[in-house]
Amino acid sequence: MDDEIAALKQNNTWRLVPRPHNHNVIGCRWIFKTKLQADGSVECHKARFVAQGFCQKHGIDFDVTFSPVVRPATVRIILTLTVMHNWALRQLDVKNAFLHGFLQEEVYMEQPPGYIDLEFPSHVCCLQRTLYGLKQAPRA
Amino acid sequence: MLGLGFLASRADSLLFVYHGPHGVLCLLLYVDDIIITGSNQLMLRTLINRLAQEFSMKDLGDLHYFLGIEVIRNDKGIFLSQAKYALDLLTRADMVDCKLISTPFVVGSHLTESGTPHCDATQFRSLAGALQYLTLTRPDLSYSVNSICQYMHAPTIDHFCTLKRILRYVKGTYHYGLQLSQHSSSTLIGYSDADWAGCPVTRRSTTGYAVYFGQSLISWCSKKQTTIARSSAEAEYRALATIAAEISWMLQLLHELHITLPSSPRLLCDNTSAIFIASNPVTKSRSKHINIDYHFVRELVAGKTLSLCFVPSHLQLADVFTKGVAKLQFLLDRGKLCVFPFSTTTTWRGNIRDKSGSPNYDQDISDTP
């Protein structure tokens, strides 16, 4: 949980602002998942902080949604070229991938439960980066 | 990405290509998964280091597992398998102990909309969707899965029985996967076929095609046409237009990778009339209504971007994408579609471009695991 908050803070995911009156403020929550290894033993406990994107209204909080997805035929062509020329093939995994995207729309969210700012408890978060659960998230 | 000198491909915006003096690098992006390949080991390592500085990421080493697809190197090249996904799917459908069957679809049968509605439509949709994902490495399932997916909105008991038959077939062949072959020439060959007025209700035809890059099957399709064809030649001609569009897309992609083909791609079709329409700029009374955008294929043939050839029906590889075929033919075609059971030393003695008339397929075509 602390790791996740640290990653969010490091990325400047949001800034605290006074609660806007003419704007929709979406909720948020923690999701806890226990990752198991193949043999059933606990690998790690995972905490993911998500925004409740279903509270967002079309046209106000978001306009277009899409995911960057590569065509399967492209993958097969590249893999065929790879074996034909005997190239090396490597795989990378981006951590907190969604947090790399910037938000174009103004989206306000409640403060994360358990991590409410002591100085400004009634402020809300004005999101600057995309967050899991947002309609805009996969677009990043 | 662009800052590192990469160019986003116009053919697929999630493919990034870098051409340097010492080689070429390709990067494929799938939301947060990245595959990198390239001709130069050193460049590859430099790229990974530079990316690691930019984003926090984990280097997973050599590619083994991508989007639920296992990538296994064997002596023939790369083997793509969704065995684990198939087994999980069977568990989900509660069909682990079902009886096996050798083909996924009943020969000559066609699904219709009428029938008693299936009580659990959500389950049907979820399983049909899961089967659709399985077709990523299983072209042999393409036609049967496509036919049930046409009834996602209102599944009946009949549709559910068809779905169960596919699952029974999957159970016997869960360890099968797609083999990409390393010993192949870089030629593109497309097989196109259509089943004229196959659907008894709407009288629409089904397009089927298969595109090979060398000996590896890289793209295929089984799809009901959007308009009604008045003749079999028209249906075949529309199928040709679909595959021509796919091949021109591939040509663009290969061009961006600076890959030159030794010869122009060949399109094989088993209908002489359709070949005639595509090669001759004359309009006959029977073909005058075919829409202009379908004449796109005529232009490509005239400009020598594509060459069209006739293939006799018994050597037609796209047939399995347009109808349910009989067991023996199906098992033979499955091998030609590069779908093989997994083993570290896959025995593959056939040659898909063997035009001698008798494909020498002697691999195991039995239907039990």
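The values are calculated or read from the model by the stated rules, or taken from the named source; none is laboratory data. From a predicted model like this one, the values you see are computed outputs, not experimental measurements. Glycine also receives a Cβ, built like all others from the backbone with ideal geometry; neighbour counts cover every protein chain displayed. These area figures cover heavy atoms from the full protein model, side chains too; ligands, DNA and RNA do not enter into them. Shrake-Rupley method; radii C 1.70, N 1.55, O 1.52, S 1.80 Å.
Tabulated results
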| quantity | calculated |
| --- | --- |
| Among (1) surrounded by fewer than 21 Cβ atoms within 10 Å (Cβ to Cβ); (2) modelled with pLDDT of 60 or more; (3) at negative phi, the one test that residue A:92 misses | (1) |
| Test: residue in the stretch B:228-247 that is open to solvent by 50 Å² or more (accessible area, probe 1.4 Å), touching an Asp or Glu at 6+ places or on another chain (Cβ under 7 Å) and closer than 28 Å to residue B:109 by Cα | no |
| Meets criteria (of a type in the set (Gly, Ala, Ser) and under 16 Å from residue B:151 (Cβ atoms)) for residue B:81 | no |
| Failed item in (1) modelled with pLDDT of 75 or more; (2) in the same structural domain as residue B:214 (by TED's automatic domain parsing); (3) crowded, with 16+ Cβ neighbours inside 10 Å, with residue B:299 passing the rest | (3) |
| Given (1) under 27 Å from residue A:84 (Cβ atoms); (2) in the same structural domain as residue B:141 (by TED's automatic domain parsing); (3) open to solvent by less than 60 Å² (accessible area, probe 1.4 Å), index of the condition residue B:33 fails | (2) |
| Selection from the stretch B:214-246 of residues that are within 11 Å of another protein chain (Cβ to nearest Cβ) and in contact (Cβ under 8 Å) with a residue 40 or more places away in the chain | B:215, B:216, B:217, B:220, B:221, B:246 |
| Test for residue B:110: is it touching a Pro at 6+ places or on another chain (Cβ under 9 Å), open to solvent by less than 50 Å² (accessible area, probe 1.4 Å), farther than 16 Å from residue B:339 by Cβ and touching a residue at least 24 places away in the same chain (Cβ under 8 Å) | no |
| Segments classed as strands (runs of 3 or more DSSP E), wholly inside the stretch B:11-119, with at least 1 members that are polar (S, T, N, Q) and more than 7 Å from every other protein chain (Cβ to nearest Cβ) | B:69-74, B:77-81 |
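To keep it simple, each residue is scored yes or no on (1) away from every other protein chain (no Cβ under 14 Å); (2) buried (at least 17 other Cβ atoms within 10 Å of the Cβ).
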{"site": "B:258", "(1), (2)": "no, no"}
{"site": "B:268", "(1), (2)": "yes, yes"}
{"site": "B:272", "(1), (2)": "yes, no"}
{"site": "B:277", "(1), (2)": "yes, yes"}
{"site": "B:306", "(1), (2)": "yes, yes"}
